[in-house]
């Protein structure tokens, strides 16, 4: 895979003088195609709708992308190791409702003594997510159960636990201090957007600047080579599910803080949008190839598209069709990049 | 050997249960799913029915898990176990008919509750007419904005019977106010989070133009409220309506943020149970639930009616505390 790509760039190098040689242009489009698509989408929407490029709407799009963005970044870690995490939508609901029960001022929906300080609620929500991720991680890495199966199990189990924990009822009346993480502003920027930015920055750093990041790419790219070079595959796999679970927990709290109430039906099918963002962002489902920057742009494309079509008053059914086309198109581009035209 | 043991054990269990059935009436309740608040209130109300509490009726609730096939299989189970009557809230109008047929073949009466089914074999039905609530909520909004201005509609999943009927009611009220413009009209799939996103985007594309929000259920109306709050706008300049009377909405009504119309899950459940016992005892029964006294507009009529329409109750500042007291 790598050598094929290297060959192509050498071939392209021959045309280096004619800046846009056909081969190079093709490479450019493949490498930055997703970014280009994003720019074109924004340009088209800016021209066709007067409200699209207003400060308020840009803030809205970022806000609406934040939850899927956080989930998709976690998903990127997992997919880079050739895995998948189907459980994130259910973990969103479980972490959301458990943390909410600590920070609700409702006399009946919370646990005794609630509301507790925000920090405790946040800590509990993260712990719930991390615990779910750890269970999936152990099952995948230690017991060699396919990730699809292990996390499918967690998808069902976490949803069930959500309904058991809350008796199937929502947890309303979350304290204003907790709601701030979903509705507050930091220097005029919505808090969830700031959180997404921080999550992105840390993830970029881990994947691009740390040894663990290199291990993730190695495990996904070629597990056998990774093993012979002494990388602890079991631990690497375990940790990526913990990261995905923890971020799902965070996303669950962002969602309940935003809607003001933790709902047991929250997060249904969120895993699909997260996977879509990763795939549109150019990360290969066969592992080892991809960038978290691509994922962020993938999530933004989905967010911008939904927002733009809403602004133009187009039925949401068209949004689903377009998203489907985007996913398949992105993977076709990915196949071409990996295996040649 | 092991198989024989199991066979023996289940045979004993069957014998025991049929012996008990001679004293108790066995009634099965088949709601389409128990994940949402409405159906939980509904199921809890069945358990609180006087006939269940006194032990006269043995009630089993089957969670349909939002799947027509699951419900159909549950009907087969109830037929094999010789239930005396079944209360049915189907997931789908048409898919539910096959289940009713199964019960009819086994000679078990079926009472519909909450959701409709296309079947002549239903003994009777207790529910609320969604076109009426759709009309009522839209009328409330239109009256408040003085029959002029602009509204948006948040719809349920397109094609579901409640969405179709509530929209019909919405449109009927809107037709009485030809000056009112519908700016947007989209589905948010009964979901608070989806409605919040839609409303955020509509507030952007129609700045200072939206006067009324018609939410076809409370969840979506609550999502719109959150969007308005998040945008830093004054809720007082919007008229927002929802339907169902879920607990969060009751709190919002109390805070003066929206209006809602109570769909009485308790009455739909207990009314259906009274009719089920009536059918199981072949007419030798007087209804025990207090709902018949509460709703003078829905007389018992000797259990002979085909359709019992539970009236809708607008949630107001006056009755909201009383309603909240019933939710624990």
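Just so it is clear, none of the values below were taken in a lab; they were calculated from the coordinates. Predicted model, so just to flag it, every value in this text is computed and none were measured. Glycine also receives a Cβ, built like all others from the backbone with ideal geometry; neighbour counts cover every protein chain displayed.
Things worth noting here:
- Taking each DSSP H run with n ≥ 4 as -39500 (n - 2.57) and averaging over every residue of chain A yields -25000 deg cm²/dmol at 222 nm.
- Taking Cα atoms only, the orientation of helix B:192-205 departs from the longest principal axis of chain B by about 20 degrees.
- Hydrodynamic radius of region A:170-294 by the Kirkwood approach over all distinct alpha-carbon pairs: 16.5 Å.
- Counted over all Cα-Cα pairs of the protein assembly as shown, pairs farther apart than 34 Å make up 52 percent.
- Among beta bridges identified by DSSP and lying wholly in the protein assembly as shown, the antiparallel ones come to about 15 percent.
- Gaussian network model of chain A, springs between alpha carbon atoms under 10 Å - residue of A:280, A:67, A:195 with greatest fluctuation: A:195
- Cα-based Rg of region B:189-299 normalised by 2.2 N^0.38 Å, two decimals: 1.47
- Among B:93, B:315, B:117: highest mean-square fluctuation, GNM of chain B, C-alpha pairs under 10 Å: B:93
- Put the Cα centre of region A:107-181 next to the Cα centre of region B:239-256 and the gap is 28 Å.
- Quarter of Cα convex hull surface for region A:21-339, i.e. mean projection, nm²: 17.7 nm²
- Crossing angle, helix A:22-48 versus chain A [Cα axis fit, 0-90 degrees, rounded to tens]: 40 degrees
- Shielding of peptide A:256-263 by partners, expressed as the average count of other chain Cβ atoms within 10 Å per residue Cβ, is 6.
- Helical runs assigned H by DSSP (4 residues or longer) give chain B a calculated mean residue ellipticity at 222 nm of -14000 deg cm²/dmol, each run adding -39500 (n - 2.57) before division by the residue total.
- Kirkwood hydrodynamic radius (C-alpha pairs) into Stokes-Einstein, region A:106-189, 10 °C and 1.306 mPa s, D in µm²/s: 104 µm²/s
- Here region B:130-262 is treated as an ellipsoid with the same Cα gyration tensor; its semi-axes, largest first and in whole Å, are 18, 17, 14.
- Gyration tensor verdict on chain B (Cα atoms; rounded if a/c is under 1.5, prolate if a/b is larger than b/c, oblate otherwise): prolate
- Working ranking of peptides A:248-259, B:171-182 by packing, defined as the average number of other Cβ atoms within 10 Å per residue, highest first, is A:248-259, B:171-182.
- Number of partner chain Cβ atoms within 10 Å, mean per residue of B:239-248: 2
- Our summary gives region B:79-189 a relative contact order of 23 percent, counting only alpha carbon pairs under 8 angstrom and 6 or more residues apart.
- Relative to the longest principal axis of the Cα atoms of chain A, the long axis of helix A:2-14 lies at roughly 50 degrees.
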